[in-house]
Amino acid sequence: MCGIIGIVGKSSVNQALYDGLTVLQHRGQDAAGIVTYHDKRFYLRKDKGLVRDVFHTRHMVNLPGNMGLGHVRYPTAGCSSTSEAQPFYVNSPYGVTLAHNGNLTNAQEVKEDLFREDLRHINTNSDSEVLLNVLAHEFQRSGKLRLNEEDIFEAVKGVHNRCRGGYAAVAMITGYGIVAFRDPNGIRPLVFGKRDTEQGIEYIVASESAAINILGFKLIRDVAPGEAIFIDINGNFYSQSCVEKNKFAYSPCIFEHVYMARPDSIIDGVSVYKSRLRMGKNLARKIQRTYPDHDIDVVIPIPDTSRTAAIQLAKNLGVKYREGFVKNRYIPRTFIMPGQSMRKKSVRQKLNSIDLEFRNKNVLLVDDSIVRGTTCRQIIQMARDSGAKNVYFASAAPPVIHPNVYGIDMPTVNELLAYNRSVADITKVIGADWLIYQDLDDLVKACIRKANKGIERFDSSCFDGDYVTGDVTDAYLKSLADERNDDAKNKNNATLPEGIDLHNAE
């Protein structure tokens, strides 16, 4: 999962892009990048690290221009390396740079086609570079010295014809403007907005609406599945559907509501905050059915994502809600850290318990989900060490038993705690006195509302194994597991040298 942003403005956009990326920092903490356009040239700065660490004053002054895009990276493949940081750039044709969120399920096949048929070389292991080269080649097919908006939409149609998976992308074309597009199933989120200034109308596109609101833009709507929007360098707006009507099912990723998105974002017409409240309400009902005589004294969330669901759960159970953990906010999100060893090391650095909220109490801990189980096992032990009599555990999501192939780091079943384990087995492994999961039907009900009646289904493949793109085979899952398991990541991160970045603005 990554965060992307693009702005076509009437004045310098470097500070707005920086601020927008800090709002999207939760979507990726491995690397960050910004590219701007000024006087027929791109100016690029990217590196490993958080936004605040990658960009200093000396970098910002070297990012001039009224148009640009940015990216924060969360590595689902390859390694943690500056060479994998985005945006990526190709000089032919015209000069195109791109930032991408998601994962192509046919990246290897397309990569081979790009080399054999299009004579294009891919320099990294990133499918984002594959996507960029497909888009650039589709531009080149027009054979024109000057593009218009119809040529750009035709190029995006070509991308959709060649690429499969879940993806949202924003690309900037030298001298033309910014084009943004979303996969035909709408798996990965993408929204856009605008604001009126004295100089004229400015446009923004981003992964989440929170970035749009905080920067003072007005949210217009989501980019529709298969749609492309183009804002030219003068601020003129164009949009077009680039896929055949009714060929694809509108299927956004439900894990955005569970974990990835900020609570103050609206995705596909639904408030993330409200959906998490409903998750808590539905989970409370299940606890009341399953344990009608429960002896829970206090409900404590595992910060931060589960807090909203835990508040509503406690209210519906009629039980006290308390904050039992203090979070060190300078430690990145544990779930999206590359490598299991780093996750294990970070948990006790990240959280510290308030003993008096646990001592001699029956505690219900609430988390948004359980993926590998490392975090919850250590936190349950922390609760016991703080004097809890009994420690119960509730997950606002169903058991994660299948890999996610559309851009979330759940690559191999052998690293998923719930795979081939019963709830009783999982309870024993994590050391809880009892464990309860959200039912998938209740999770879907929490996220589907009248406001997004166009949604035909959610991508909930990590819970039910039903991959909406229809091209995910056992052989593909095996190759993904071999490439992306924690052992492979740790090996890559330890041995791969840094590539040479010819475009970094120092």
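For this structure, a couple of remarks:
- Criterion violated by E84 - all others in (1) under 27 Å from I231 (Cβ atoms); (2) buried (at least 20 other Cβ atoms within 10 Å of the Cβ) satisfied: (1)
- Count of the range 134-174 residues which are at pLDDT below 95 and among the small types (G, A, S): 2
- Considered as a group, the residues in the range 268-298 that are modelled with pLDDT of 95 or more and of a type in the set (A, V, I, L, M, F, W, C) include one that is nearest to V72 (Cα to Cα), and that residue is V272.
This table checks each residue for (1) assigned by TED's automatic domain parsing to the domain that holds I380; (2) in a helix (DSSP H, G or I).
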site: Y419; (1), (2): yes, no
site: L435; (1), (2): yes, no
site: D441; (1), (2): yes, yes
site: K445; (1), (2): yes, yes
site: R457; (1), (2): no, no
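- Residue that is among the aliphatic types (A, V, I, L, M) and at positive phi, where the choices are L119, L114: L119
- Residue match in the range 384-391 (condition: at pLDDT 95 or above and of a type in the set (A, V, I, L, M, F, W, C)): yes
- Summed over the range 286-307, the residues that are without any contact (Cβ under 8 Å) to a residue 60 or more places away in the chain and either of a type in the set (K, R) or crowded, with 23+ Cβ neighbours inside 10 Å (or both) give a count of 2.
- Residue list for the range 220-272, restricted to those being over 14 Å from the mean Cα position of the chain (by Cα), under 21 Å from C462 (Cβ atoms) and of a type in the set (F, W, Y): F248, Y250
- Close contacts from the range 339-359, counting a first residue that is under 15 Å from S386 (Cβ atoms) and a second that is of a type in the set (S, T, N, Q) and modelled with pLDDT of 75 or more, with Cβ to Cβ under 6 Å and a gap of 6+ residues or different chains, come to V347/T375; V347/Q378; S353/S386; D355/S386; F358/S386.
- Identity of the residue in the range 263-277, crowded, with 21+ Cβ neighbours inside 10 Å and in contact (Cβ under 8 Å) with a residue 24 or more places away in the chain, that ends up nearest to V319 (Cα to Cα): R276
- Test: residue in the range 192-206 that is in contact with a Cys (Cβ under 8 Å, 6 or more places away or on another chain) and closer than 24 Å to E256 by Cα: no
The values are calculated or read from the model by the stated rules, or taken from the named source; none is laboratory data. All figures in this text were calculated on a predicted structure; none of them were measured in a lab. Here Cβ is always computed from backbone atoms with ideal geometry, including for glycine, and neighbour counts include all displayed protein chains.
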